[in-house]
Amino acid sequence: MWYSFWKSRDRFSLEELRYLTDQLLKVQIVNEVNKDFVIEALRSIAELITYGDQHDSSFFEFFMEKQVMGEFVRILKISRTVTVSLQLLQTMSIMIQNLKREHAIYYMFSNEHINYLITYSFDFRNEELLSYYISFLRAISGKLNKNTISLLVKTQSDEVVSFPLYVEAIRFAFHEESMIRTAVRALTLNVYHVGDDSVNRYVTSPPHADYFSNLVSFFQKQCISLNGLVSNALKNPGPDSTSTILAAVDEIEDKLYYFSDVISAGIPDVGRLITDNILQLLIFPLLLPSLRIGAVNGTQIGAVTSLYLLCCILRIVKIKDLANTIAAALFCPLEAFTQISEAKVNGYMCGHGFTDEGQRPDNDNLRTKLDSGSSSTIPNSSSSSEIHPEEFILQHDCSGSHMALREALLSYVTSGDEVQVLGSLSVLATLLQTKELDESMLDALGILPQRKQHKKLLLQALVGEGSGEEQLFSPESSSITDGISSELDGYLQKIKEQYGVLCFHPDVGATPRVHRFQVLDTLGQSFLPVNYFCGHLVGWWLAFAPVASL
């Protein structure tokens, strides 16, 4: 008799689950006196529900019957200690991650308890609590599919009007802690890959679409930071600076692979949003202006870093419009991007977007203002050295230079240092290897392999399109040139209309044959042998260009 009275309960039994639940029901307030029991009860219930999901369905049936989820919420409301909040979030994460039966997940998501926990005002000044909270959100996202996601959103007229899981998660997308940023990215990918049309419209509509522009803005800051690290390392080289740069490079490439993963979800508007933001916030105002030899601007980055980033973007972010727009932009004159990069002198923004000659800058007046000392020094992103007004005029004269970016790349090959040569050639090689880039754009740039030209013409001849056979044996075909010009003009017009960049350059009308000879002539003048470039150093530069500049 006494033995049966003192007999301990089986730890993994329905009786134990019933006992723990009954004890939680009796708790009216959680304080320092009873917090240890409450924490242990929450931990044990998670363990029992996980065990029951695999061995005995009666465990979860009891969990539903007693509405234990509601008890969890009540315990959170009456708790006065952060340790209970920590344990509750961990309990929920463990249960959600380990439940395998579909009906169990449906039950967990089918009431407002989950959304209540998601939107609860936790004190995130406690870093550990924030980590547990993000893990909780990520655990939920791991169970999303077209059926379960509908249980976590609110709709009106078949349109999603509220999605707390996504909204609360992206609040921490740019947190200083990298582990939190990584968890948020994983959560968003789980949302995008569900493929729910109403959810996709929700995440790509204002104000939630701002997340994508904020992503690119954050990425832009990382790029500028990388350039700063490279600049500092040039002044104080050492193993510590190299490791710091490598860590920054890893962060940048991880972000680009995240962009690629987001695009692979197949949400049409997302690809457009990412393309527009990369061009407007990064390519046009930052990377392309930096290719100008001797360019200076408080927010610009060095040419080597820009070349490296262009290679990374083309290699990782697989968007056809992005690749072709970047290629077309290489035909724009250097000064076309001055206005976008906000290169201001005494409040005047020099650029190529003037409608008539009356709006052109008065260089004499500009020189007078500079000589007066009102703007005696201009900050350089790669060094802190001062630049004299006369040097600034030469480097930033909006009406003086008409060199296209394509020519700037080739000029680095013939007159740059070793890293600049490798960087420029790597950009050309990356363009050549970018499958998303139209062959007509490659031909316009002068880097389309001759075998591909012959293959295309041979195919046209076989199917009877135009005069393919005559074109195949012609040294230069006007119809080919017209086709290339049409493609290029289309993207240049798009750059003008959508991004406000006026690209009128005499080279646009040049034949691909001329550009091919320019490329071949440039390679011949390079102080690095062509086979040296075409070997393993290309892969090396793509991975470690910022470090190589040290």
Note on region 160-177: residues under 19 Å from GLU251 (Cβ atoms) and either in contact with a Leu (Cβ under 9 Å, 6 or more places away or on another chain) or of a type in the set (Phe, Trp, Tyr) (or both) are ILE170, PHE172, ALA173, PHE174, HIS175, GLU177
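Residue-by-condition table, conditions (1) under 14 Å from the mean Cα position of the chain (by Cα); (2) on the phi > 0 side of the Ramachandran plot; (3) among the polar types (S, T, N, Q):
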| site | (1), (2), (3) |
| --- | --- |
| ALA233 | no, no, no |
| PRO237 | no, no, no |
| SER241 | no, no, yes |
| ILE252 | yes, no, no |
| TYR257 | yes, no, no |
| SER260 | yes, no, yes |
| GLY266 | no, yes, no |
| LEU273 | yes, no, no |
| ASP276 | yes, no, no |
Check whether at least one residue in region 153-169 is modelled with pLDDT of 95 or more, closer than 30 Å to PRO285 by Cα and charged (D, E, K, R), and report yes or no. no
What pairs can you find where one residue is in region 23-51 and part of a loop (DSSP other than H, G, I, E, B) and modelled with pLDDT of 95 or more, the other is among the basic types (Lys, Arg) and open to solvent by 20 Å² or more (accessible area, probe 1.4 Å), and their Cβ atoms are less than 8 Å apart, with a gap of 6+ or different chains? none
Selection within region 196-213 - open to solvent by 30 Å² or more (accessible area, probe 1.4 Å) and touching a strand residue (DSSP E or B) at 6+ places or on another chain (Cβ under 8 Å): ARG201
Since ILE78 meets every condition but one in (1) touching a strand residue (DSSP E or B) at 6+ places or on another chain (Cβ under 6 Å); (2) surrounded by 15 or more Cβ atoms within 10 Å (Cβ to Cβ), which condition does it not meet? (2)
Just to be sure I understand the filter: pairs with C-beta atoms under 7 Å, separated by 6 or more residues or on different chains, first member in region 156-172 and farther than 14 Å from SER135 by Cα, second member aliphatic (A, V, I, L, M). Which pairs pass? VAL160/VAL153; VAL160/VAL199; SER162/VAL153; PHE163/LEU152; PHE163/VAL153; PHE163/VAL199; PRO164/ILE118
Taking region 158-173 and keeping residues within 26 Å of ILE75 (Cβ to Cβ) and open to solvent by 60 Å² or more (accessible area, probe 1.4 Å) leaves ARG171
How many residues, within region 257-268, are within 15 Å of CYS312 (Cα to Cα) and buried (at least 18 other Cβ atoms within 10 Å of the Cβ)? 2
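For region 109-157, name all the residues that are among the β-branched types (Val, Ile, Thr), buried (at least 17 other Cβ atoms within 10 Å of the Cβ) and part of a helix (DSSP H, G or I). Spell out how you get there, then give the answer.
Residues of region 109-157 that are among the β-branched types (Val, Ile, Thr), as a first pass: 114, 118-119, 134, 140, 148-149, 153, 155.
Next cut, buried (at least 17 other Cβ atoms within 10 Å of the Cβ) only: 114, 118, 134, 140, 148-149, 153.
The answer is ILE114, ILE118, ILE134, ILE140, ILE149.
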Based on what the data block shows, is SER93 under 12 Å from LYS35 (Cα atoms), touching a residue at least 24 places away in the same chain (Cβ under 8 Å) and either open to solvent by less than 60 Å² (accessible area, probe 1.4 Å) or among the aliphatic types (A, V, I, L, M) (or both)? no
Test ASN277 against the criterion of being touching a residue at least 40 places away in the same chain (Cβ under 8 Å), of a type in the set (S, T, N, Q), surrounded by fewer than 24 Cβ atoms within 10 Å (Cβ to Cβ) and closer than 25 Å to VAL194 by Cα, and give yes or no. yes
May I ask you to verify whether GLN54 is open to solvent by less than 80 Å² (accessible area, probe 1.4 Å) and assigned to a helix (DSSP H, G or I)? no
Specify the residue that is modelled with the lowest pLDDT; the eligible residues are those in region 214-236 that are under 19 Å from CYS312 (Cα atoms) and either surrounded by fewer than 18 Cβ atoms within 10 Å (Cβ to Cβ) or out of contact with any helix residue (DSSP H, G or I) (no Cβ under 7 Å at 6 or more places or on another chain) (or both). GLY228
Could you list, in sequence order, all residues of region 178-193 that are open to solvent by 10 Å² or more (accessible area, probe 1.4 Å) and more than 18 Å from GLU251 (Cα to Cα)? ASN190, HIS193
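The values are calculated or read from the model by the stated rules, or taken from the named source; none is laboratory data. Computed from a predicted model, the values in this text were never measured in an experiment. As a convention, Cβ positions derive from the backbone with ideal geometry for all residues, glycine included, and neighbour counts pool all protein chains shown. Ligands, DNA and RNA are stripped out before the accessible areas are found, and what is left, the full protein with its side chains, is counted by its heavy atoms. Shrake-Rupley method; radii C 1.70, N 1.55, O 1.52, S 1.80 Å.
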